[in-house]
Amino acid sequence: MRSTSAATALAVLFSSVALSVAAAGSASAVPVSVGSPGGIVVDAALGRVFVGNDTNDTIVAADYNGNRVDSVSGIDGIFDLALSDDGATLYATARVSHEIVALDAATLDVKARYPVATGIGPLYVAVSAGKVWFTYEDDQSKGNLGSIDPAVDPASGADPMTLGLFPQDQDHQVVGGAAYLDTDPSSPGVLAVATTDFNDSSKDLMAVLDVSGAAPRLTAWHDGSYSLNYVNDVDLVPGAAQVLVDGTERHSYADGRFSPAGAYPSGRGADIAPNGLVAQFGEEQLAVYRPNTTVPVRSYAGYTADAAWAPDSSRLFALVSSSAGYQLRVLTDPARSVPALTVNAPASAPRAKKLTVTGKITATVPFAAGTQLAVTRTDLESPSGKKLAAVTVKADGTYSFTDTPPAGGTVTYKVDYAGDADHTTATASDKVTVSRAATGLSLNNNGKLYNYSADVKFTAHLGTTYKNRSVKIYADPFGGDKPKKLIKTGKVDSHGNIAAWVDMTRDTAVSAVFDGDARYAPKTAKVTAYARVKISTAVSKHYKTAKIGSTSYYWFHKNTDPVITTTMTYYPGRQQRFDLQVYYQGTWYSTDSEYFPVSSNGKSAVQLGAPGESGIRARVRSVYVNGSSGDSVNSTTYGAWKYLYFSN
């Protein structure tokens, strides 16, 4: 036997192209990043934050959200920034070009440049008593203090700048290195000065100057009786005759000398808000302390190079290390402690039985007695949440409450703290799996076999439930090319039944799904029904049909090659099994069966060789065999026998 016109089955592959469309929108805000910080100041009048960038000699202006709004370049070697008392003028030290640059804070236009005749600097700058104060080093590497009087017009012939202003005598000498400066609005005319003599720490400089008069006067002086341990920063403490060194050590100077007055945990620098809050920055974090405390109100992770408070203490601006150098971060609610809130509910519980939920709320700032937490229960009966009675926190921060869940399934208990002047809000939740009763759900026709394309009714029966009487019925035909599909959804009838019809062109998994309700658990019933393929066989090249006995035969001349054409339901890669039997002495004997491809039009033609002798009887049939025919989407189906007779 040989195949002459059997077509090769074609597998048609479809590929999809996914197009990614980027929607055009408004330009996003640009955060501020600097390579090497050169000072940071906050202008409340304009709602601006100014940051110096020594990497590219630029001053960048940001809004209170930290977004870049303006910039100016050409500040050669920018080192530090300061604002005039009215916030209208921004002063920058340019250590490379040796000048103080005055800029219009609103526009960043340069208003004036003041050359400083010095070897190194100017470096640090501050504004007090209407003058601009700065530090520098002279040609002998000795630090000193200078000032600029913006009210003096150089065109008048008067020099607005004065150098060598640090008060000196045999007991009070400047040291190597330009000093750090600080002023405070609550102490007008007071200037703090501090630096380290790296050659001799006993000569560390720390002083408080009265700069309200014609010349600076010493208010307090560090006499070297204790080491300042290499100064990195100095701050005047609002409302107290103290300075804070490196954001850590407080020193009192009320009697004209400095003495230890307490300390915060280790830091490297700080900025102090008008209300006394200390923003201490260091190697690993930025921490906010209330005055004279040792536990931070709030802390932020990350190496911080510099920080500055908004004048109303509502925000803190920090330059935090990032991949781009240092990024300006806006820290909101810096004065409020962030509570840690926990909720602990049992993992599981029976429905309609009392359960207990416990938890704890803690913060670096203690809570007031009688603090209450809001409680919300979310379940199938109350998907938007139901408010329960508020719970009062005990003195140790713990709390507990009981509840009887009316609904089963996943029940969530959410606890909220509304926040107060000293604490931010806090939210936490926990889930409980609450038991539900089981219901019955069945589906008919499991394991039944149907002819190709039979319309079959599948009926689901739902047992007792609480409120939900809806059932979904899905049909999932075998084969990866047809997805599972929802074919019916709705409420069951008064007998608990719902039905859907399926066109059985393939073996099909049918499932009924009950989604559950507040008292009964979800349920799924699944059955599999089977479908035959459609098979027909045509015979050609015969010269007549006639019966032998009661069986109808196709008659062929003994030298004619019969052609048998099978039509079978198509599926990619499908083959039909061609069976041939020969009749001899009252018995049908099988020859080898062979598989032939089914073309995309469902046809498969097989040509039999001519036997060359008469009196031979044969029969042929086509068979789809699940698995062996190239796929498994239908059930094994046998075509009808076709009978052949060869005559002279």
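One table, with the values for the structure above:
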quantity	calculated
Strands (runs of 3 or more DSSP E) contained entirely in the stretch 533-625, each with at least 3 residues that are in the same structural domain as residue 640 (by TED's automatic domain parsing) and farther than 14 Å from residue 643 by Cα	563-568, 575-584, 594-597, 603-607
Search result, residues across the stretch 269-284 that are touching a Ser or Thr at 6+ places or on another chain (Cβ under 8 Å) and surrounded by fewer than 18 Cβ atoms within 10 Å (Cβ to Cβ)	274, 275
Residue check for residue 341: farther than 30 Å from residue 375 by Cβ and either assigned to a strand (DSSP E or B) or not small (Gly, Ala, Ser) (or both)	no
Residues being of a type outside the set (Asp, Glu) and either out of contact with any strand residue (DSSP E or B) (no Cβ under 8 Å at 6 or more places or on another chain) or assigned to a strand (DSSP E or B) (or both) - total across the stretch 119-176	34
Check on residue 96, farther than 27 Å from residue 312 by Cβ, surrounded by fewer than 18 Cβ atoms within 10 Å (Cβ to Cβ) and either touching a Ser or Thr at 6+ places or on another chain (Cβ under 8 Å) or in the same structural domain as residue 251 (by TED's automatic domain parsing) (or both)	yes
Matching option when the condition is more than 14 Å from residue 346 (Cβ to Cβ) and surrounded by 14 or more Cβ atoms within 10 Å (Cβ to Cβ), among 389, 426	426
Subset of the stretch 69-85 that is more than 15 Å from residue 48 (Cα to Cα) and not small (Gly, Ala, Ser) - its residue that is surrounded by the fewest Cβ atoms within 10 Å (Cβ to Cβ)	76
Scan of the stretch 392-420 for residues that are of a type outside the set (D, E, K, R), part of a loop (DSSP other than H, G, I, E, B) and surrounded by fewer than 18 Cβ atoms within 10 Å (Cβ to Cβ), ordered by number	395, 404, 406, 418, 419
Every residue from the stretch 89-107 that is hydrophobic (A, V, I, L, M, F, W, C) and under 18 Å from residue 308 (Cβ atoms)	90, 92, 103, 105
Enumeration of residues in the stretch 609-648 that are among the acidic types (Asp, Glu) and in contact with a Leu (Cβ under 7 Å, 6 or more places away or on another chain)	none
Residue check for residue 432: more than 30 Å from residue 336 (Cβ to Cβ), among the β-branched types (Val, Ile, Thr), buried (at least 18 other Cβ atoms within 10 Å of the Cβ) and within 32 Å of the chain's Cα centre (by Cα)	yes
Number of the exception - residue 304 against (1) free of Cβ contacts under 8 Å to residues at least 40 places away in the same chain; (2) over 19 Å from residue 34 (Cα atoms); (3) outside the structural domain of residue 45 (by TED's automatic domain parsing); (4) surrounded by 21 or more Cβ atoms within 10 Å (Cβ to Cβ)	(2)
Filter result (acidic (Asp, Glu), closer than 21 Å to residue 235 by Cβ and either in contact with a helix residue (DSSP H, G or I) (Cβ under 8 Å, 6 or more places away or on another chain) or surrounded by fewer than 21 Cβ atoms within 10 Å (Cβ to Cβ) (or both)) within the stretch 128-186	184
Conditions (1) assigned by TED's automatic domain parsing to the domain that holds residue 469; (2) touching a Leu at 6+ places or on another chain (Cβ under 9 Å); (3) part of a loop (DSSP other than H, G, I, E, B); number of the one not met by residue 512	(3)
Qualifying residue in the stretch 315-331 (condition: at pLDDT below 95 and part of a loop (DSSP other than H, G, I, E, B))	yes
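The values are calculated or read from the model by the stated rules, or taken from the named source; none is laboratory data. Just so it is clear, the structure is predicted and the values come from calculations on it, not from any experiment. Heads up, the Cβs are rebuilt from the backbone with ideal geometry, glycines too, and the neighbour counts pull from every protein chain shown.
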